[in-house]
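Notes follow once the structure below has been shown.
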Amino acid sequence: MKVFFRFTFLSGIGWLCDFVTFALLLKFINVPSFIANCVSSYVGVTFVWFAALKMVFMRKSEGCNIFLLIFWGFQFISIVAYSYLLQKVAGSVLVEVLPLQLSSYPNIAAKIIVTPFTLVTNFLFMKFLTRFIRQEYSPHVV
């Protein structure tokens, strides 16, 4: 459980990077929510990969290029799926359900709703993937 909480903390920082990028792309560049979510998500997951690799899973990043590519491939599928879900949630459900202040920003509200699902799937996949990466250090060796 401690590993999940550390991952969640780092993912929170990654999510802030993701969320700020997402909001800026929507607000200032007027990018469609699907595209904005794809771009901003890669900002966040790349941060999480490098930070969690060392600080959560105690793995070396050297020589892990193939694993990063696999992680990005998984993220591509995940981001496309969650971006599609985000767009559907923002476009239909949220406008009817949210209070007036939030319904003005349905894409941002949808991003917040979708985030817990992405957190869990990212943790599970990264936990699986890091089993194949050499450890940084052995906690059992004094």
Point to revise | Test: residue in segment 133-141 that is at pLDDT 80 or above and either within 20 Å of S11 (Cβ to Cβ) or not hydroxyl-bearing (S, T, Y) (or both) | key: yes
Taking segment 47-61 and keeping residues in contact (Cβ under 8 Å) with a residue 12 or more places away in the chain and assigned to a helix (DSSP H, G or I) leaves F47, V48, W49, A51, A52, L53, K54, M55
Inside segment 3-60, the number of residues satisfying the requirement of being modelled with pLDDT of 90 or more and of a type in the set (D, E, K, R) is 1
Note on segment 17-39: residues assigned to a helix (DSSP H, G or I) and farther than 19 Å from S78 by Cβ are V20, A23, L24, L26, K27, F28
Taking segment 1-40 and the residues there that are closer than 28 Å to F132 by Cβ and touching a residue at least 60 places away in the same chain (Cβ under 8 Å), the one that is least open to solvent (accessible area, probe 1.4 Å) would be F7
Y105: passes all of (1) at pLDDT 75 or above; (2) buried (at least 16 other Cβ atoms within 10 Å of the Cβ) but (1)
Only one of L119, L94, L68 is modelled with pLDDT under 70 and surrounded by 13 or more Cβ atoms within 10 Å (Cβ to Cβ), namely L94
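The values are calculated or read from the model by the stated rules, or taken from the named source; none is laboratory data. Remember, it's a predicted structure, so these values are computed and weren't measured experimentally. Glycine also receives a Cβ, built like all others from the backbone with ideal geometry; neighbour counts cover every protein chain displayed. Each accessible area value is taken on the protein alone, full model and side chains, heavy atoms only, with ligands, DNA and RNA left out. Shrake-Rupley method; radii C 1.70, N 1.55, O 1.52, S 1.80 Å.
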